1. Helix-derived [θ] at 222 nm for the chain: sum -39500 (n - 2.57) over DSSP H runs of at least 4, divide by residue count, nearest 500?
2. What FRET efficiency comes out for the pair residue 67/residue 307, r = Cβ-Cβ distance, R0 = 35 Å, nearest 0.05?
3. Exactly which chymotrypsin sites (Phe, Trp or Tyr not before Pro) in the stretch 38-145 are in a DSSP loop and have at most 16 other Cβ atoms within 10 Å?
4. Would you mind working out the magnitude of the charge dipole of the stretch 237-327 relative to its Cα centre, with +1 at each Lys and Arg C-beta and -1 at each Asp and Glu C-beta, to the nearest 20 Debye?
5. Rounded to the nearest Å, what's the spacing between the alpha carbon centres of the stretch 345-387 and the stretch 298-324? Just the number, please.
6. Among 221, 193, 211, whose Cα sits farthest toward the positive end of the charge dipole of the stretch 193-233 (+1 at Cβ of Lys/Arg, -1 at Cβ of Asp/Glu, about the Cα centre)?
7. Just to be sure I understand the model, the point goes 7 Å from the Cα along the line to the Cβ. What's the resulting residue 25 to residue 396 distance in nm?
8. Taking 8 Å as the Cα distance limit and 6 or more residues as the minimum spacing, I'd like the relative contact order of the stretch 47-153 as a percentage.
Amino acid sequence: MIERNPGFAHLTAGYLFPEVARRRREYVAAHPDAPIISLGIGNTTEPLSAHIAKAMADYALALATPEGYSGYGDDFGSERLRQKIADVFYKGMADGSEVFISDGAKCDIARLQTLFGGKMRIAVQDPAYPVYVDGSVVVGAAGAGKPDGSGYEGVTYLPCTPQNHFFPDLSAIAPNTLIYFCSPNNPTGATATREELTRLVDFANENGCIIIYDAAYAAFIRDPSLPRTIFAVPGARTCAIEVNSFSKPAGFTGVRLGWSVVPKDLRFSDGTPVNKDWGRAMTTLFNGASNIAQAGGLAALDEQGLRDMKASVDYYLENGALIKKTLDGDNFRKAGVVAHFTGNGPYVWAQFPGMTSWGVFDLILDKCHVVTTPGSGFGPAGESFVRFSSFGHRADVEEACRRLARLELR
Ligand SMILES: *Cc1c(COP(=O)(O)O)cnc(C)c1O
């Protein structure tokens, strides 16, 4: 018989979100009338912009005509879209030939892991979005789980806590390590400053590290002093890859469209440009993003589309501010709860001293019928935190806030 990939056997305790869904199902089975509101999974809820949807509908209808039909497109994405992304987001910091269009940031992160393989050392922010570690586990780079269940032997966890303003101590990272870094961060919402990103880039260049910079929430940055791309930092072109996505700002979570920027100046130890192997990976393991989705991406980046994306992000940020205000209420404050919300990301990251994350999750589900995400699921340093997502309809968020405001904590 064929041996199981040990990477899958090493994946611990199921993926976080299925476990959240399981507990929710169990609760609903026991309390069928509970009016559950989810502030849990980071999934978009608001309709697409009519302008962007129309561009996709027009493209799809044209596919039924001889003039409008097209089959496989370029493996790296449409030239126009690559150029447009370079013009709108990178303005000379990266060019269109360094932009690779994909079916989303998560899929790119998984494909990037094939580029580096199982011998890689990896470092992650702790807490972090699960695919950095779990994807590394699958390719064998993370090693086995620690006996106490607190992570993997082969992963350097970089605690990001209120004490260090959610920016890690880089000196814990060994030379030649692949560093995953997400800003604005999921789950903490923390957004690295220019000074912090400069330290990260300098560290990577001095120590032979490569940074995989997840900028999926860059569009949520409202503070003009904060960089929206790692390439705004001098030196990033020799040490960083950026992944990004239309999912969160344009509501493309189901449409599926993202991109990666792999600068030509980035090289492996043998001198091979990483860009060359990434092109090969995209050709070999991928066959190009949906042409309909790419038509939507182009529309999202014209004047109207950019306005619509901003309005959508503003809506979610306003939700976040409502949640933050609720968690600053007397009932939470008296229990020592501290809620972190930067206004530059869609998440509120709240610490409940003396409680476990799953304990808080169960309490809020039971007393408020509100689903959150337990912070411990994002890494050991997330223990005692829960994440509140600002993705939701306004009326639901307001109702969730009313219930939370009545929650009795000791
Ligand atoms: C949602 C999310 C993504 C996923 O992006 P897709 O483009 O939908 O695959 C990537 N990174 C982070 C941190 C996310 O929260």
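1. For the chain, the value works out to -11500 deg cm²/dmol.
2. 0.70
3. Loop-located and lightly packed - 69, 72.
4. 200 debye
5. Each part reduced to its Cα centre gives a spacing of 26 Å.
6. Most positive-ward Cα: 221.
7. The modelled label-to-label distance comes out at 1.9 nm.
8. 15 percent
The values are calculated or read from the model by the stated rules, or taken from the named source; none is laboratory data. Predicted model, so just to flag it, every value in this text is computed and none were measured. Reconstructed Cβ throughout: ideal geometry from the backbone, glycine too, with neighbour counts over all protein chains shown. Note: areas computed on protein heavy atoms with side chains; ligands, DNA, RNA excluded. Shrake-Rupley method; radii C 1.70, N 1.55, O 1.52, S 1.80 Å.
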